[in-house]
Amino acid sequence: MKNVAKDFWKTKKLEEMTSDEWEALCDNCGLCCLHRVILDDDSIAMTCVVCKNYDLKNKRCADYKNRFEIVPECIKLTLDKVAIYDWLPSTCAYRLIYQNLPLLSWHPLISGTIESMLNIGLNERDFILESDDIEIEDHIID
Ligand code: SF4
């Protein structure tokens, strides 16, 4: 892991974290990479269609460093966005810390290994990769 202070998430607020600590807070669950659609009543629904730049096999962004060039609509998560994006999953590490809640047991910062994420988040069985053939609105799951 990069330059992060020991147990930084227990003592620092989001706004106090270094960029390395901020990045380390993401557990790579990928749930924020699922397409959302806005319904007629303005509520937001989650679909099982994942961003075209997501690697379902390895369960992570296929090119995180260049994601904004590859997917211009990709959103950089910042403190002000964590505060207002109520569509982020309740398990999202940024939401948890923002709400002064502990990280979940499977978070790599708690478990000490990314192996704990293997059964969490997106899998090839239940989620599909965005493509030109897919109508995202037809795949609402929540
Ligand atoms: S939902 Fe939160 S923890 Fe999961 S990948 Fe997105 S930013 Fe990271």
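The values are calculated or read from the model by the stated rules, or taken from the named source; none is laboratory data. What you see is a predicted model, and the numbers here were worked out from it, not measured in a lab. Positions of Cβ are backbone-derived with ideal geometry, glycine not excepted, and every protein chain shown enters the neighbour counts.
Here are some notes:
- Qualifying residue in the range 47-64 (condition: over 29 Å from residue 18 (Cα atoms), hydrophobic (A, V, I, L, M, F, W, C) and modelled with pLDDT of 95 or more): yes
- Counting only helices (runs of 4 or more DSSP H) wholly contained in the range 1-87, the ones carrying 1 or more residues that are of a type in the set (Lys, Arg) occupy 8-11, 67-70, 79-84.
- The listed residue being out of contact with any strand residue (DSSP E or B) (no Cβ under 7 Å at 6 or more places or on another chain) and more than 13 Å from the ligand (Cβ to nearest atom), out of 62, 83, 45, 93: 83
- Test: residue 120 is under 26 Å from residue 6 (Cα atoms), within 11 Å of the ligand (Cβ to nearest atom) and not in a strand (DSSP E or B): yes
- With respect to the conditions (1) more than 17 Å from residue 136 (Cβ to Cβ); (2) outside any helix (DSSP H, G or I); (3) β-branched (Val, Ile, Thr), residue 97 lacks only one, and its number is (2).
Conditions tested, residue by residue: (1) surrounded by 15 or more Cβ atoms within 10 Å (Cβ to Cβ); (2) in contact (Cβ under 8 Å) with a residue 12 or more places away in the chain.
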{"position": "43", "(1), (2)": "no, no"}
{"position": "46", "(1), (2)": "yes, yes"}
{"position": "72", "(1), (2)": "no, no"}
{"position": "79", "(1), (2)": "no, yes"}
{"position": "92", "(1), (2)": "yes, yes"}
{"position": "104", "(1), (2)": "yes, yes"}
{"position": "111", "(1), (2)": "yes, no"}
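- Selection from the range 66-75 of residues that are closer than 20 Å to residue 122 by Cβ and either more than 11 Å from the ligand (Cβ to nearest atom) or of a type in the set (Lys, Arg) (or both): 67, 70, 71, 73, 74
- Test: residue in the range 20-32 that is within 14 Å of the ligand (Cβ to nearest atom) and more than 24 Å from residue 112 (Cα to Cα): no
- Inter-residue pairs, beta-carbon under 7 Å, first surrounded by 10 or more Cβ atoms within 10 Å (Cβ to Cβ) and in the range 124-142, second among the basic types (Lys, Arg) and modelled with pLDDT under 95, 6+ apart: 124/57
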